[in-house]
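Take a look at the structure below.
The values are calculated or read from the model by the stated rules, or taken from the named source; none is laboratory data. Nothing here was measured: the structure is a model prediction, and the numbers come from that model. Here the Cβ positions follow ideal geometry from the backbone for every residue, glycine too, while neighbour counts run over all protein chains shown.
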Amino acid sequence: MDTKHDYIDDSIDAQPTLVSQEVVVDPRPPLDYTSLRAFVSSLRVRFVSIWTKRFVLSLLAGQLVSLCITCTNVTTTELVDRNWSLPTTQTWFLYFSIFIVYTPYTIYQYGFKGWLKMIWKDGWRYIILAACDVEGNFLAVKAYNYTTLLSCELLDAWAIPSCLFFSWLWMRPRYKLSQLLGVLVCVGGLGMLVASDELTDKDWPALSRAKGDVFMIVGATLYGFTNATEEFFVRKSPLYEVVGQLGMWGMIINGIQAAGLEHKDMVQATWDGKNIGILVAYTASMFILYTVAPMLYRMASSAYYNLSILSSDFYGLLFGLFLFHYRPYWLYFPSFVVVIVGLVIYFWSAPPESQGKIEPRAPEYVTKRCDPLPFVAGQV
């Protein structure tokens, strides 16, 4: 993928006709209930209508971020096994990487004075976004130290209704019954994964279950808030501005927190070549995730993103087969199919285009230095 052209220049000031006009959404073909043959025929036509270019790309992007989450889980496990357990410090490298890539391009587009003016006028909202993202990651990791695996898997799904609520609060989408059914089907797939972990006795004793459960619920709520809020931002502002600001403020907040909580562990950790290589792999996976996720927000929605990553446990199984020689329980395979079916059902009646308009513009008080490319990242 040519990342420079695919996701960096996505301002539309020079060509407002691309996305500033009202989005025209073609309705799904109606179902015909006059006869069984007519119903089957109309059902087939409806199913075929779902598989547009935008939906297929959304489906693939969702599985890519799900795979990235699996990679981060595997690399984190490897680091812990190798005496390198610095979760806050580990995430700092992620924020630094997206800051160092996206912020210089934002400065190039807006000019240094324009960039400073953007920080002065709009920086407060990115500080809130970054703080919630940092603390959501921190609390989710801490929850695994106190409560059981099954509690973490179930409570982490709270990010889905949380995201749906904040999406409705910021953008007022109209959720259809088929979308709610799709959510339930995807959660059902998660339930099959949890059941398989229970049946294969993968759980561990809880150090303080109540404390860990609270950490996970709050962390999942913050996840839902940051996903929905970032979707709201990237639909109205250039992607490089939003991601660059998230990286800058996240780097600062995360750095302060890491210095306060992990300064002693930093010295005691093993900083050898293999650990650094694993850390680079972790950072690369998270960088891809934080780049693709906002494009998925535009193509589909942040709620769809949260549903897509429910399949990450299945990819974790694939990694486990080759790296750790796991013996898979049979429920893992149908659970993945159930999640994919739920993703299709989510857009059975409502196409991705109905989730909201995409009209990213540079701030009015900024004079851009160069003309934009004739397309927008996530505009399919």
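With the structure loaded, tell me whether T72 is of a type in the set (V, I, T) and either without any contact (Cβ under 8 Å) to a residue 40 or more places away in the chain or over 14 Å from A281 (Cα atoms) (or both) or whether it fails that test. Let's see the steps before the verdict.
Working: of a type in the set (V, I, T): yes; either without any contact (Cβ under 8 Å) to a residue 40 or more places away in the chain or over 14 Å from A281 (Cα atoms) (or both): no.
No, not satisfied.
State all residues of segment 337-380 that are surrounded by 14 or more Cβ atoms within 10 Å (Cβ to Cβ), farther than 30 Å from L43 by Cα and modelled with pLDDT under 80; if no residue qualifies, say none.
Of everything in segment 337-380, those that are surrounded by 14 or more Cβ atoms within 10 Å (Cβ to Cβ), farther than 30 Å from L43 by Cα and modelled with pLDDT under 80 turn out to be K368, P372, L373, F375, V376, A377.
What is the residue count in segment 24-50 for residues that are part of a loop (DSSP other than H, G, I, E, B), without any contact (Cβ under 8 Å) to a residue 60 or more places away in the chain and surrounded by 11 or more Cβ atoms within 10 Å (Cβ to Cβ)?
Residues that pass the stated criteria total 3.
List every residue pair whose Cβ atoms sit under 6 Å apart, with the two residues 6 or more apart in sequence or on different chains, where the first one lies in segment 302-318 and is among the charged types (D, E, K, R) and the second, anywhere, is in a helix (DSSP H, G or I) and surrounded by fewer than 23 Cβ atoms within 10 Å (Cβ to Cβ).
Hits for this filter: zero, empty list.
Taking the options W92, W84, name whichever one is surrounded by 21 or more Cβ atoms within 10 Å (Cβ to Cβ) and not in a helix (DSSP H, G or I). Steps first, please.
On the way: W92 fails: not in a helix (DSSP H, G or I).
Step by step, each of W92, W84 is checked, and only W84 is surrounded by 21 or more Cβ atoms within 10 Å (Cβ to Cβ) and not in a helix (DSSP H, G or I).
Since V80 meets every condition but one in (1) closer than 16 Å to Y240 by Cα; (2) modelled with pLDDT under 95, which condition does it not meet?
(1)
What number of residues in segment 75-89 are closer than 17 Å to G273 by Cβ and either free of Cβ contacts under 8 Å to residues at least 24 places away in the same chain or touching a strand residue (DSSP E or B) at 6+ places or on another chain (Cβ under 7 Å) (or both)?
1
Taking helices (runs of 4 or more DSSP H) that do not extend beyond segment 226-336, which have at least 2 residues that are surrounded by fewer than 18 Cβ atoms within 10 Å (Cβ to Cβ)?
Result: 239-268, 273-299, 312-323.
Let's see how each residue does on (1) within 23 Å of T291 (Cα to Cα); (2) basic (K, R); (3) over 18 Å from the mean Cα position of the chain (by Cα):
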{"position": "V80", "(1), (2), (3)": "no, no, yes"}
{"position": "F99", "(1), (2), (3)": "yes, no, no"}
{"position": "Y105", "(1), (2), (3)": "yes, no, yes"}
{"position": "L155", "(1), (2), (3)": "no, no, no"}
